[in-house]
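The values are calculated or read from the model by the stated rules, or taken from the named source; none is laboratory data. Worth saying up front: this structure is predicted, and the values here are computed from it rather than measured. Cβ placement follows ideal geometry from the backbone for every residue including glycine, while neighbour counts extend to all protein chains displayed.
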Amino acid sequence: MPFFAVPKIIINYFFIPSIYLFSTAPHPHQAVSKQQHFLTSLSFKKLPSPPFVFSFIFIFYTTSLFQLLLYFFNFSTMVKIFVITYSTYGHINKVAESIVKGLQKTGVEVGRYQIAETLSEDILTKMHAPPKPDLPTIVASQLPEADGYLFGFPTRYGTAPAQVKAFFDSTGQLWAKQALLGKPAGFFFSTASQHGGQEVTVFTSLPILAHHGMIFVPFGYAHPYLFDNSEVIGGSAWGAGTIADGDGSRQPSEKELAIAEAQGESFAKVATKLAAA
Ligand SMILES: Cc1cc2nc3c(=O)[nH]c(=O)nc-3n(C[C@H](O)[C@H](O)[C@H](O)COP(=O)(O)O)c2cc1C
């Protein structure tokens with residue numbers, strides 16, 4: 001609750017009405033208690049007209065009521081961002097942790113979800129994929145609950161994995177209602193190699209946003225590490241990224257994670273402005 005609301009509520013709800021009620025001048029022949037006498041002496045000797053007092057009280061009441069409503073309303077309408085990922089080997093999940101950290105810096109509410117796997121356990125075992133993290137699996141009908149989305153996934157030949165495509169294929173009902181129209185979305189990604197298609201993976205995912213009427217929020221060059229050529233650093237103006245190596249042995253670097261955190265923070269700011277518009 002805004003700190004100034006507390007004294008205002010006390011004044012508006014208790015002090016002003018009590019002055020008015022207790023200050024009603026007693027009839028000359030009316031017995032006056034000591035207490036009433038004291039209160040009367042504290043208050044106006046000559047009362048302003050009732051319409052004036054009532055409109056005064058009314059204005060104060062409504063402003064503080066409005067503040068109270070705003071307070072509860074703010075709670076229920078806190079900007080909510082979903083971080084939705086698909087990851088086979090876990091690199092994207094690690095980047096997502098930094099994305100979430102950045103989002104949380106701005107005070108937005110974060111929902112963390114993963115996209116359902118479509119491969120069988122047998123195939124995943126053959127691919128040496130580790131177990132999935134303990135995260136709720138997103139279903140299309142949950143998407144409208146959020147004010148914005150950051151989607152993270154590894155590349156598959158420069159496009160989103162089939163698992164991600166399958167999830168978006170399940171959003172037809174939302175598309176029919178244009179339920180995601182005007183909502184902001186950004187991407188972060190992972191490739192095996194430095195030139196394995198980070199940017200094009202986002203580029204080939206843009207039609208999905210366009211058809212839903214969603215607003216693509218690129219990261220831009222909003223972090224100095226994007227100008228750093230002293231080492232291999234994933235990510236670009238299109239979003240945060242990491243490079244896993246062909247055998248998955250490389251883990252997201254400190255610099256890549258710093259870019260991811262910055263993307264979370266800057267995305268939250270854009271989403272908050274859009275939600276308030
Ligand atoms: C079918 C398939 C296609 C892939 N295509 C590419 C590619 O085009 N470029 C690339 O750099 N890596 C490619 N990769 C490697 C993945 O992008 C890499 O394993 C992933 O970024 C690791 O992220 P994760 O641990 O979150 O799954 C491919 C992997 C698979 C299984």
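Checking each residue in the range 192-202 for being farther than 13 Å from Y157 by Cβ and either away from the ligand (no atom under 11 Å from the Cβ) or β-branched (V, I, T) (or both) picks out E199, V202.
With respect to (1) part of a helix (DSSP H, G or I); (2) aromatic (F, W, Y); (3) more than 30 Å from A176 (Cα to Cα), the lone exception for F267 is condition (3). Can you find a residue in the range 213-235 that is surrounded by 18 or more Cβ atoms within 10 Å (Cβ to Cβ), within 14 Å of the ligand (Cβ to nearest atom) and at positive phi? The answer is yes; a qualifying residue exists. For the range 152-191, the set of residues classified as crowded, with 16+ Cβ neighbours inside 10 Å, in a helix (DSSP H, G or I) and more than 16 Å from the ligand (Cβ to nearest atom) consists of F168, L174, W175, listed by residue number.
Exactly one residue out of I99, I84 is of a type in the set (V, I, T), within 16 Å of the ligand (Cβ to nearest atom) and assigned to a strand (DSSP E or B), and it is I84.
Evaluate the following for T137: is it within 13 Å of the ligand (Cβ to nearest atom) and within 27 Å of the chain's Cα centre (by Cα)? So T137 does not fit the description; no.
Select from the range 236-257 the residues that are of a type outside the set (G, A, S) and more than 16 Å from the ligand (Cβ to nearest atom) and write down the one among them that is farthest from Q194 (Cα to Cα).
Within the range 236-257, the match that is farthest from Q194 (Cα to Cα) is E254.
Every residue in the range 67-103 that is farther than 30 Å from M127 by Cβ and at pLDDT 95 or above, please. Residues satisfying the conditions are V79, K80, I81, G102, L103. Applying the set (1) over 14 Å from the mean Cα position of the chain (by Cα); (2) of a type in the set (A, V, I, L, M, F, W, C); (3) surrounded by 13 or more Cβ atoms within 10 Å (Cβ to Cβ); (4) at pLDDT 95 or above to M127 leaves exactly one unmet item: (3). Within the range 140-151, the set of residues being within 16 Å of the ligand (Cβ to nearest atom) and in contact with a Lys or Arg (Cβ under 8 Å, 6 or more places away or on another chain) is empty. Does A260 satisfy the condition of being buried (at least 22 other Cβ atoms within 10 Å of the Cβ), touching a residue at least 60 places away in the same chain (Cβ under 8 Å), more than 24 Å from the chain's Cα centre (by Cα) and within 15 Å of the ligand (Cβ to nearest atom)? When the stated conditions are applied, A260 does not pass them. Is the range 211-233 home to any residue that is in contact (Cβ under 8 Å) with a residue 60 or more places away in the chain and not hydrophobic (A, V, I, L, M, F, W, C)? Looking for residues that are in contact (Cβ under 8 Å) with a residue 60 or more places away in the chain and not hydrophobic (A, V, I, L, M, F, W, C), one finds none in the range 211-233, hence no.
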